[in-house]
Ligand SMILES: *Cc1c(COP(=O)(O)O)cnc(C)c1O
């Protein structure tokens, strides 16, 4: 436990308490007793800063009772497969401090639509986001899953067929389920790669079996299981040939690598804010073309039978508004950094390959994902290496977690020494080298041969 990290939190919290004085006081200023509290508060901050400087004092452990501080991004290297792309930028963390209140972006909502708010510049952000993913229109949504749902709910009727891959995320299945659709899975084969041919064959098979064409193709650019890259460009072409709308699932791509939906041939692009755009959960993006926008982003038509009330400015698939506070503001604050970082995707891939290359020097270690890697999310197999140690170790599989934790590395699936995943996204070269050396050191400690 790092005393400095704890003291930074303590100082931040103490400043929040000072801020709270202003939220409770009359807008005309602090009264005598509040001035005294303010002065005491400043002294408290100064004391904490002194302790921070000296690296001394009592370390705080909780935000509030029962809610522990979260310090894994400060004190550890976190290789958790799902957390790396959603790590907030400092800009997002600051925005969250300022816009954490409930409906905080609604101060100047003129037409009752989130995507039309000019101050803060939510409207402008929507326009830039559309350009960023190479599509015509976007909405922010509470997670990629809600993007899938908006599309299935608009396009799929009961019994309609939807093509997904045999590596599809469960949220794709559920989005089809609530729309009453039927799943047709594309086999990824021994290579665990979805090809355009396999998609075409699955469409043909579905047609033969049921006499009808699927209503939607939903395929991930990068799957959550292997982190493999699938042929979305080829699939875009197949979708065009069959005239079936194509939802490009960019949950592990948008915000990490450059993505242009129109070049891919996508009708819908879905991204995840908390998975890959350095944003607060739940957040995400649903983008579409001018052709499909009137379908998915259609206006409400319902009216009350007694009051006659109607809500034409609202979009039913969005249930009106979606991300009205810290979520959207965190996306916006991170956006400049996200636009910049996708330009350096090659470097992320290189770091991923460097790590895997070093990892494979340990005899018995295997890579289950495609190799060379094209993504930072990788699945590894350590049954012939670390799992052999686990078999006789008194801590069993936890020995590896223990060893990693000792070296300030967390995020591997605790207790698993068989087949597991990790993500190197966003780690500096120094951290990548540190991480690689840590695994080699553990191997050496347990006398696993290193090539
Ligand atoms: C994480 C993930 C999702 C779900 O994303 P949310 O933003 O959490 O809804 C969907 N598909 C894939 C491939 C994913 O990896």
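Return the percentage of antiparallel bridges among DSSP beta bridges fully within the chain, rounded to the nearest 5 %. Looking only at bridges with both residues in the chain, the antiparallel portion is about 60 percent. Okay, which of region 134-160 sit inside 15 Å, backbone N to the point 7 Å along the Cα-Cβ direction of residue 339? 134-135, by backbone N distance to the label point. Relative to the current alpha-carbon distance between residue 166 and residue 419, full extension at 0.36 nm per residue lengthens the span by 89.2 nm.
Here the calculated FRET efficiency for residue 431 and residue 310, from their Cβ-Cβ distance with R0 = 45 Å, stands at 0.25, rounded to the nearest 0.05.
Label separation (residue 75 vs residue 209): 5.1 nm, computed from points 7 Å beyond Cα along the C-beta direction. Size of region 108-324: Rg and Dmax of its alpha carbons, in Å, are 17.3, 60.
Which residues does a label at residue 46 reach in region 1-38, if reach means a backbone N under 17 Å from a point 7 Å past the Cα toward the Cβ? Under 17 Å, as judged by backbone N against the label point of residue 46, lie 11, 14-15, 18, 35-38 of region 1-38.
Between residue 441 and residue 281, the simple spin-label model (points 7 angstrom out along Cα→Cβ) gives 3.0 nm. With R₀ set to 22 Å, the beta-carbon distance separating residue 101 from residue 4 gives a calculated FRET efficiency near 0.15.
Helix content alone sets the calculated 222 nm mean residue ellipticity of the chain: runs of n ≥ 4 DSSP H residues at -39500 (n - 2.57) each, divided across all residues, give -13000 deg cm²/dmol. At full extension, residue 295 and residue 241 could sit 17.3 nm farther apart than now, given 0.36 nm per residue minus the alpha carbon distance. Put in order of Cβ neighbour count within 10 Å, fewest first, the listed residues 385, 33, 334 become 33, 385, 334. Panel order for 221, 344, by other beta carbons found within 10 Å of each beta carbon, from fewest to most: 344, 221. Once divided by 2.2 N^0.38 Å, the Cα radius of gyration of region 3-75 becomes 1.25. Volume per residue for the chain equals 188 cubic angstrom (convex hull of Cα atoms). Fewest-first ordering of 145, 118 by other beta carbons within 10 Å of each residue's beta carbon gives 118, 145. Global dimensions of region 344-445 from alpha-carbon coordinates: Rg and Dmax equal 12.9, 43 Å. Each Cα pair under 8 Å and six or more residues apart adds its separation to the average, and for the chain the resulting relative contact order is 17 percent.
So how much slack lies between residue 39 and residue 13, counting 0.36 nm per residue of separation and subtracting their Cα-Cα distance, in nm?
So the chain would gain 7.8 nm between residue 39 and residue 13.
The numbers here are math on the coordinates, done by the rules we state, and not lab data. Keep in mind the model is a prediction, meaning the values are calculated, not measured. Here the Cβ is made from the backbone with ideal geometry for all residues, glycine too, and neighbour counts use every protein chain on show.
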